[in-house]
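To keep things clear, I will list the structure first and then write my remarks on it.
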Amino acid sequence: MLCWKGYRLVFNKRSSRNPREGYANIVEDEGGVVEGIVYEIADEDIEKLDRYEGYPQHYSRQKVKIRLQSGDVVEATVYIARQQMTAEGLKPSREYLNRLLKGCDLLSKNIVSYGILKH
């Protein structure tokens, strides 16, 4: 698990299925913190992930330095929704939120409570 300071989780990435549905995204926020899981994948699998995420049309892909719980600093790739693919006032569907929360045992109780209470 990682905690990435200076960003926060939002649901402002427009869904192609429902104009009022939002997908997870991160935005800069000086006081924010994003929790996540780091996976190591083979270079050839990045292309598969790019297609799944809609890169480069829907998301930009950025390399960032993050600090792991162990204290190690590693380079990671994050997908951030392109501005033209975002909108304010979107909400995740219950199905989508449940899919995200399936990994809640890997995150802190604060983040999981936030996700459940906000939506």
Report summary line: Filtering segment 88-105 for residues that are closer than 22 Å to residue 61 by Cα and over 16 Å from the mean Cα position of the chain (by Cα) leaves a count of 1
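Go through segment 35-83 and report how many residues are of a type in the set (A, V, I, L, M, F, W, C), in contact with a helix residue (DSSP H, G or I) (Cβ under 9 Å, 6 or more places away or on another chain) and modelled with pLDDT under 90. Let's see the steps before the verdict.
Initially, segment 35-83 is screened for residues of a type in the set (A, V, I, L, M, F, W, C), giving 37-38, 41-42, 46, 49, 64, 66, 68, 73-74, 76, 78, 80-81.
Then keep just the ones that are in contact with a helix residue (DSSP H, G or I) (Cβ under 9 Å, 6 or more places away or on another chain); that gives 37, 41.
Imposing the further condition that a residue be modelled with pLDDT under 90 reduces the set to 37.
Counting residues in segment 35-83 that are of a type in the set (A, V, I, L, M, F, W, C), in contact with a helix residue (DSSP H, G or I) (Cβ under 9 Å, 6 or more places away or on another chain) and modelled with pLDDT under 90 gives 1.
The values are calculated or read from the model by the stated rules, or taken from the named source; none is laboratory data. Just so it is clear, the model here is predicted, and its values are computed rather than measured. FYI the Cβ positions are ideal-geometry reconstructions off the backbone, even for glycines, and counts take in every protein chain you see.
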